[in-house]
1. Return the equivalent ellipsoid semi-axes of the chain as a descending list in whole Å, where each equals the square root of 5 times an eigenvalue of the C-alpha gyration tensor.
2. Please compute the length gained on full extension between residue 114 and residue 1, using 0.36 nm multiplied by the number of residues separating them and subtracting their Cα-Cα distance.
3. Helix 70-86 versus the longest principal axis of the chain: what is the Cα-based angle in degrees, 0 to 90, to the nearest 10?
4. Of all DSSP beta bridges in the stretch 2-147, what percent run antiparallel (nearest 5)?
5. Using the alpha-carbon centroid of each, what span in Å lies between the stretch 108-124 and the stretch 1-38?
6. Show that you can apply the helix-only estimate: for the chain, add -39,500 (n - 2.57) for every DSSP H stretch of four or more residues, divide by all residues, and state [θ] at 222 nm to the nearest 500.
7. Full-extension gain between residue 34 and residue 75, please, as 0.36 nm times their residue separation minus the C-alpha to C-alpha distance.
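Where a number appears in this text, it was derived from the coordinates with a stated rule and is not lab data. Quantities reported herein were computed from a predicted structural model and do not represent experimental measurements.
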């Protein structure tokens, strides 16, 4: 089974600040018997690493310097969707709260670490195309859903 995974959760240094969100527990659980497909929608959309932090504000993705990077986020999401279709992927484990990968909760657009209900650009596109999404941090027990 192919599983799409936010690359930062696998230890790739692709976060906006050049770091990662490596989750050893996630890697331990899903690397056995699954084909992992690491993706960073922001990089696939043409943004560099490091890059300025961005949040969703009124349907647009704006970085901390008030630059509109919405097009990059949508381009990256569409590239990820191409991979989903190519590899017939039905499950994604994504970085929570991200303006790309957040599912159910994202930052509120004030760059103050406040969280609101909502989806990142890529997570929303994948969900609307039938991909099951699991958050990669909130509740480590959820990874066992993959196994059973």
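1. In descending order, the three semi-axes are 24, 16, 14 Å.
2. On the way: separation 113, 0.36 × 113 = 40.68 nm, distance 3.54 nm.
37.1 nm is the gain from fully extending residue 114 to residue 1.
3. Result, in degrees: 20.
4. Details: 10 of 23 bridges.
Given both bridge residues lie in the stretch 2-147, the antiparallel proportion sits at roughly 45 percent.
5. Computed from Cα coordinates, the inter-centre distance equals 21 Å.
6. Numbers: 5 runs with 39 residues, N = 148.
So the helix-based figure for the chain works out to -7000 deg cm²/dmol.
7. Numbers: separation 41, 0.36 × 41 = 14.76 nm, distance 2.69 nm.
Here the answer is 12.1 nm.
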